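Taking it in order: structure first as structure tokens, then the write-up.
The values are calculated or read from the model by the stated rules, or taken from the named source; none is laboratory data. Please read these numbers as outputs of a predicted model, since none were measured by experiment. So basically every Cβ, Gly included, is an ideal-geometry build from the backbone, and we count neighbours across all protein chains shown. Remember, those area values only see protein heavy atoms, side chains included, never the ligands or the DNA or RNA. Shrake-Rupley method; radii C 1.70, N 1.55, O 1.52, S 1.80 Å.
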Amino acid sequence: MENYIDSAVAQFKTLLTEQIARQQKMENDTAYTDYKKLDKIVIGICGGDGIGPIISRESDRLLQFILKDEIASGKVELKTIEGLTIENRIAQNKAIPDDVLAEIKSCNVILKAPTTTLKGGSLESANVAMRRELDLYANVRPVCVPEENIDWIFFRENTEGEYVLGSRGVEIPDTLAFDFKVTTNAGTKRIAKAAFEYARNNGKTKVAIVTKANIMKKTDGKFSQICHEVAKDYPEIEIDEWYIDIMTANLINPAIRSQFQVVLLPNLYGDIITDEAAQIQGGVGTAGSANIGDVYAMFEPIHGSAPRMIEAGIGEYANPTSIFKATEMLLRHIGFNDKADKLNEALNICTETEKRVVVTGDTDGATCKEFGDYIMETIEKL
Ligand code: IPM
Ligand code: MG
């Protein structure tokens, strides 16, 4: 037992030292990409696993279609990034193999299809690794249900909390297991600023801060305190604060849910509640997500790789709506707002009003490709 304790203490010292260094690096970092100033924007497309390659193929076609002129003139380059598959990751025992990471870093923005995340073991999630490697600290997830007056946007902290050391916990066999949760000043400040800036620049009047600071007193307590400090620079924005448990109830309470606008929260709560929110919108297959950093950004569906669909042989019937929404967010992020607006309009027509081609996720519905064609035909008519 003494040996376990000694090695756990040594490990904690290493983790603490690393996290202090990460916080200091964040405080000093000034690197920033201004997409307007780039001669060429390189968009990397990672196919992922399971239904990933099927839905990302449609987004690839969609981007080639929407950005035809920009690709022809050399203003935009689409780069296919191979190798972010569970087989390759297991074979190399790396969350993101080095050559794949180098390819990813040679792009400016990434469109990433779902990658399989293993339960337990030591192989880290590719999502989590990419968010860390590219320092994508803001996970931005919009959810809209116009007929219910729901227009939410979640700002989920994306690089710390329960995730940052999630694969580096301590275990004493047959005795106990310990994981670590980390909240830093700089890490909280930057996500809070992102949420408040968004509110200010997009006509939002309210930000809800969501934690469990009554129980996670140190980490969530810090998150809450720093968010309140940042809020002082945005006096025109009203803030309210909720605990995550009651917030999950609020989202299904029709009497109050439409009052929420921007929701700011730590990593794991943001993970959980955005699936709930997406379900209210029509399912996780309908929601896109942006992972924004100062230098890079990555856009992805919020759902997983749906291995069950592949096992059942119905992968071609996967719904690409979520990756199309991610594509829309990508276009907006790199400054093609008019193109993003068109895609958004086409998505509304195809999934809300006209609905001529409907994907159900099963053989009774349209295929992913048929829906991709439908979106492109609709854009052409706009
Ligand atoms: C998400 C996903 C990921 C997460 C998984 C796949 C690692 O659920 O993007 O919400 O937990 O962040
Ligand atoms: Mg999730």
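Below is a table of values for the structure above.
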item: Condition check for L134: open to solvent by less than 30 Å² (accessible area, probe 1.4 Å), closer than 28 Å to V170 by Cα and within 16 Å of ligand 1 (Cβ to nearest atom); result: yes
item: Any chance D271 is more than 28 Å from V230 (Cβ to Cβ) and open to solvent by 30 Å² or more (accessible area, probe 1.4 Å); result: no
item: Helices (runs of 4 or more DSSP H) within the range 251-369 that include 2 or more residues over 19 Å from the mean Cα position of the chain (by Cα), within 16 Å of ligand 1 (Cβ to nearest atom) and at positive phi; result: none
item: Residue in the range 61-74 that is under 29 Å from L118 (Cβ atoms) and either buried (at least 16 other Cβ atoms within 10 Å of the Cβ) or not assigned by TED's automatic domain parsing to the domain that holds F336 (or both) present; result: no
item: The range 238-275, residues that are away from ligand 2 (no atom under 16 Å from the Cβ), among the aliphatic types (A, V, I, L, M) and over 15 Å from A213 (Cα atoms); result: I239, A249, I252, A255, I256, V262
item: Selection from the range 259-268 of residues that are open to solvent by 30 Å² or more (accessible area, probe 1.4 Å) and touching a Phe, Trp or Tyr at 6+ places or on another chain (Cβ under 9 Å); result: Q261, L268
item: Inter-residue pairs, beta-carbon under 9 Å, first at positive phi and in the range 85-99, second aliphatic (A, V, I, L, M), 6+ apart; result: N93/L123
item: Residue match in the range 53-70 (condition: of a type in the set (V, I, T) and touching a Cys at 6+ places or on another chain (Cβ under 9 Å)); result: yes
item: Residues of the range 337-377 classified as open to solvent by less than 70 Å² (accessible area, probe 1.4 Å) and of a type in the set (V, I, T), total; result: 6
